[in-house]
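Notes follow once the structure below has been shown.
The values are calculated or read from the model by the stated rules, or taken from the named source; none is laboratory data. None of these values were measured; they are calculated from a predicted model. Cβ sites come from the backbone with ideal geometry, for glycine too, and all protein chains shown count toward neighbours. When the accessible area is computed, the model is the full protein with side chains, heavy atoms only, and any ligands, DNA or RNA have been set aside. Shrake-Rupley method; radii C 1.70, N 1.55, O 1.52, S 1.80 Å.
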Amino acid sequence: MKQSQSEKLFAEALRFIPGGVNSPVRAFRAVGGQPFFVNRAQGAHLWDVDGNEFIDYVCTWGPAILGHAHPKIISAVKAAADHGTSFGVPNPQEVTMAKLICSLVPGVQKVRMTNSGTEACMSAIRLARGFTGRDKIVKFDGCYHGHADSLLVKAGSGALTFGHPDSAGVPAAFTQHTIVLPFNDVDAVTAAVEANKNQIAGIIVEPVPGNAGLYLPQPGYLEFLREITQANGALLIFDEVMTGFRLAPGGAQERFGITPDLMCFGKIIGGGLPVGAFGGRADIMDLLAPLGPVYQAGTLSGNPLAMAAGIAALEELNIGKDARTARPTDGPAGRPYQHLEQLGAQLEAGMKDAAKSAGIPVTFNRCGSMFCAYFTSGPVHHLADAMKSDRARFAKFFHGMLARGVYLAPSQFEAGFLSTAHTAADIDSTVKAAASVMRGW
Ligand SMILES: *Cc1c(COP(=O)(O)O)cnc(C)c1O
């Protein structure tokens, strides 16, 4: 059989890039087969180098909440590029971006930009330790906070897919201060805090964990984390790299009404360019260099192209509000989020229906525009539940959908994403594809 362009490119990539990819989940190892190469994306659709078209539910792993190649983002990046790609001195867009984040996210009084979500989480942890003078960190199994050493313990995402929650090359001494607990388990946190009195610097959590598929905090759980950290002089750190600006303009903290002390961002705030950020209480953030003793830096942090793309994305998401002041205008406030919620509800109802009529046990978890279909009768509230999913069945489902022009994340342990560019017709054809795949079993 004639080799496709994607196959040719992957064969070449394998010779020069480890595994042929620059981030492991892209390699399709969890589902088998080979990745396709894309050279064009528009709205909710991707085109591979062989001309195949896909409805995309990966959305570049979260950032593309407005769909691909949004005209406002593209023109903002072009305009910024005309003035230079990096200055190494402060630029005005950094101020605009900081004001935007502070005005949109309830818990952010000050914010610093980084180049990735990994850097943001790593820096937030260092800051929490510097602020409290304590070493220990609590994280939850299945939660992914980037690939920094001390956080790569029972992490989700690629680390989970490949069955190596603990990476080689991380000295045990680097993770000895990381306490890993099951999510949604109040007693486990209470016991850990009791056993480590005055030693826990902070609890870092994805408020809606999206790196082991997707499961939601049970009612009262985030409130409990807020209370127990406050009562014990520890900081509550929300990793909103995925949920920030997605579940609401102010992220999960707005949606659930909990204000953490520190929080991490990435993905959406870069409009598709490499970005991260961390922010929170001013008294904590002011401990960062040059004001304070906690060191953190970045040659390209606050990059003008990334700022321009991110500002355009945030402004577009907040049409109906003057984003810089967060004051409502006469426009249709909240419209993008309403649209995402409607699409999410349509997808959820359709997928549940398709699974039911095919007689396949599926637990469909959803929060706004994030979703995951687990092949288990469920419910799925934490990692141990998620691990019950039938992964062979997922792989079959994934390839069946791909053959029908629907691109889902190539692993059971990733969240799916909707964008404002998806249409009811896209969802409809996706549901029909799912019904057809499962009917064939
Ligand atoms: C993606 C992600 C990260 C890491 O961000 P990168 O930009 O890939 O380094 C951290 N935390 C969460 C919750 C994420 O989803």
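Looking at (1) among the aliphatic types (A, V, I, L, M); (2) within 27 Å of ARG255 (Cα to Cα); (3) out of contact with any Lys or Arg (no Cβ under 8 Å at 6 or more places or on another chain), which is the only condition VAL362 fails?
(3)
Regarding CYS59, is this residue within 16 Å of the ligand (Cβ to nearest atom), in the same structural domain as ARG404 (by TED's automatic domain parsing) and closer than 27 Å to PRO410 by Cα?
yes
Let me spell it out: the conditions are (1) in a loop (DSSP other than H, G, I, E, B); (2) in contact with a helix residue (DSSP H, G or I) (Cβ under 8 Å, 6 or more places away or on another chain); (3) more than 21 Å from ILE284 (Cβ to Cβ), and VAL189 meets all of them except one. Which number is the exception?
Among (1) in a loop (DSSP other than H, G, I, E, B); (2) in contact with a helix residue (DSSP H, G or I) (Cβ under 8 Å, 6 or more places away or on another chain); (3) more than 21 Å from ILE284 (Cβ to Cβ), the lone unmet condition for VAL189 is (1).
Is it fair to say ALA98 is closer than 22 Å to ALA282 by Cα, under 24 Å from the mean Cα position of the chain (by Cα) and away from the ligand (no atom under 16 Å from the Cβ)?
Yes: the conditions hold for ALA98.
For segment 334-423, which helices (runs of 4 or more DSSP H) that fit wholly inside it have 1 or more residues that are open to solvent by less than 60 Å² (accessible area, probe 1.4 Å) and in contact with an Asp or Glu (Cβ under 9 Å, 6 or more places away or on another chain)?
Ranges flagged: 335-358, 383-386.
Out of all the residues in segment 141-177, which are within 21 Å of GLU240 (Cβ to Cβ), in contact with a Leu (Cβ under 7 Å, 6 or more places away or on another chain) and modelled with pLDDT under 95?
Restricting attention to segment 141-177, the residues satisfying the condition of being within 21 Å of GLU240 (Cβ to Cβ) are 141-148, 150-160.
Still in the running and in contact with a Leu (Cβ under 7 Å, 6 or more places away or on another chain): 141-142, 145, 159.
Across segment 141-177, the qualifying residues are ASP141, GLY142, ALA159.
Going through segment 259-287 one residue at a time, which ones are more than 16 Å from the ligand (Cβ to nearest atom) and surrounded by 21 or more Cβ atoms within 10 Å (Cβ to Cβ)?
Filtering segment 259-287 down to residues more than 16 Å from the ligand (Cβ to nearest atom) leaves 259, 261, 281-287.
ASP261, ILE284, MET285 - these are the residues of segment 259-287 that are more than 16 Å from the ligand (Cβ to nearest atom) and surrounded by 21 or more Cβ atoms within 10 Å (Cβ to Cβ).
Quick one: count up the residues across segment 395-431 that are under 21 Å from the mean Cα position of the chain (by Cα) and not small (Gly, Ala, Ser). Break it down into steps so the answer makes sense when it comes.
Here is the first cut: in segment 395-431, the residues under 21 Å from the mean Cα position of the chain (by Cα) are 398, 406-422.
Next, from what is left, pick out any that are not small (Gly, Ala, Ser): 398, 406-408, 410, 412-414, 417-418, 420, 422.
Qualifying residue count for the region: 12.
Yes/no matrix, rows are residues, columns are (1) in the same structural domain as MET401 (by TED's automatic domain parsing); (2) outside any helix (DSSP H, G or I); (3) small (Gly, Ala, Ser):
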residue	(1), (2), (3)
ALA76	no, no, yes
SER103	no, no, yes
VAL111	no, yes, no
CYS121	no, no, no
VAL138	no, yes, no
CYS143	no, yes, no
LYS154	no, yes, no
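Just to verify a result, which residue in segment 104-132, among those that are more than 10 Å from the ligand (Cβ to nearest atom) and charged (D, E, K, R), is nearest to VAL275 (Cα to Cα)?
Taking the candidates together, the pick is ARG112.
Can you tell which of ALA192, ALA248, ALA252 is among the aliphatic types (A, V, I, L, M) and farther than 30 Å from ALA312 by Cβ?
ALA192
Residue check: is GLY298 within 16 Å of the ligand (Cβ to nearest atom) and surrounded by 22 or more Cβ atoms within 10 Å (Cβ to Cβ)?
No; evaluated as a whole, the condition is false for this residue.
How many of the residues making up segment 200-220 are part of a loop (DSSP other than H, G, I, E, B) and more than 12 Å from the ligand (Cβ to nearest atom)?
The total comes to 7.
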